[in-house]
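Worksheet: the structure to be examined is printed underneath.
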Amino acid sequence: MKTLNPRIAGGLLAIRDNPEHMRQVAQNDIPLIDLVCVNLYPFVETIRKPGVQLDEAIENIDIGGPSMIRAAAKNFQDVAVVTSPEDYTAVLEALRSGSGVLSRELLFELSRKAFLCTARYDGHIAQYLSQAGIKGDFPPNVFMDFEKVTDLRYGENPHQRASMYKWGGQPAHGLAAARQLQGKSFPTTTSLIWRQPGT
């Protein structure tokens, strides 16, 4: 329950430019938190193990971590929230350079990634529980997550816009992982010659 402590929530949610928030922080001796770096319980890794039981999956549902992430991401202008090791270097470099204060653009980008992280995490949980104990081939709910790979030059017709997506949080495969050998810029498949990696 330590991560749900009101002093932690207050330190994350207090808006520094709000006098009333700062008055309550001082009155209740709440330490301000400027950076949150969280690795969630390994729910996805757990449910991918062969023969995993429902009890083990449930035990690996993180409660406090997503709460801290969401609180920090909500107050992104005052709190940096880091949910991926891919962002460690950028945040460290930004802190070491100049004033040691992260730009609003970087803080907002970290917040966007944080909400994506919790949405994806909750989606995996909801999908797993939708299938748990269900007889038949089709679960009652399907939660999908896709990441944009690139814009396309046009859609089905030249006057239409389109983009290409891959499954979210997973390595690209199929056409999304192909390497262009020649032809016009990505993509219409009729104007490109593709080769799958390793072939």
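What follows is calculated from the coordinates using simple rules that are stated; it is not laboratory data. What you see is a predicted model, and the numbers here were worked out from it, not measured in a lab. Quick reminder, even Gly has a Cβ in these numbers, built from the backbone with ideal geometry, and neighbours come from all protein chains shown.
Comparing A114, A126, A162 in a Gaussian network model of the chain where C-alpha atoms under 10 Å apart are linked, the largest mean-square fluctuation is found at A162. One chain, two ends: R96 and D34. Fully extended at 0.36 nm per residue, the span grows by 20.8 nm beyond their Cα-Cα distance.
When only DSSP loop residues count, what trypsin sites (Lys or Arg not before Pro) in region 1-92 have their Cβ near at most 14 other Cβ atoms within 10 Å? Write down the numbers at each step before the final one.
Working: sites: K2, R7, R16, R23, R48, R70, K74; in loops: R16, R48.
The qualifying sites are R16, R48.
Rounded to the nearest 20 debye, the dipole size of region 1-59 about its Cα centre is 80 debye, using +1 on the Cβ of Lys and Arg and -1 on the Cβ of Asp and Glu.
Which of the lysines could be linked to K113 by a straight reach, that is with a Cα gap under 26 Å, when you skip same-chain ones fewer than 8 residues away? K113 reaches K2, K74, K148, K166. The dipole here belongs to the chain: it is taken about the Cα centre, uses +1 on the Cβ of Lys and Arg and -1 on the Cβ of Asp and Glu, and is about 560 debye. Listed by number, the DSSP H helices of the chain that run 18 Å or longer by alpha-carbon position along their axis and have mean Kyte hydropathy of at least -0.5 are 104-131. Every helix of 4 or more DSSP H residues in the chain counts as -39500 (n - 2.57), and over all residues that averages to -11500 deg cm²/dmol at 222 nm.
Projecting the Cα positions of I69, F143, L129 onto the charge dipole of the chain (unit charges on Cβ atoms of Lys, Arg, Asp and Glu, taken about the Cα centre) puts F143 furthest along the positive direction.
When the Gaussian network model of the chain links Cα atoms closer than 10 Å, the mean-square fluctuations of V82, V142, V36 top out at V142.
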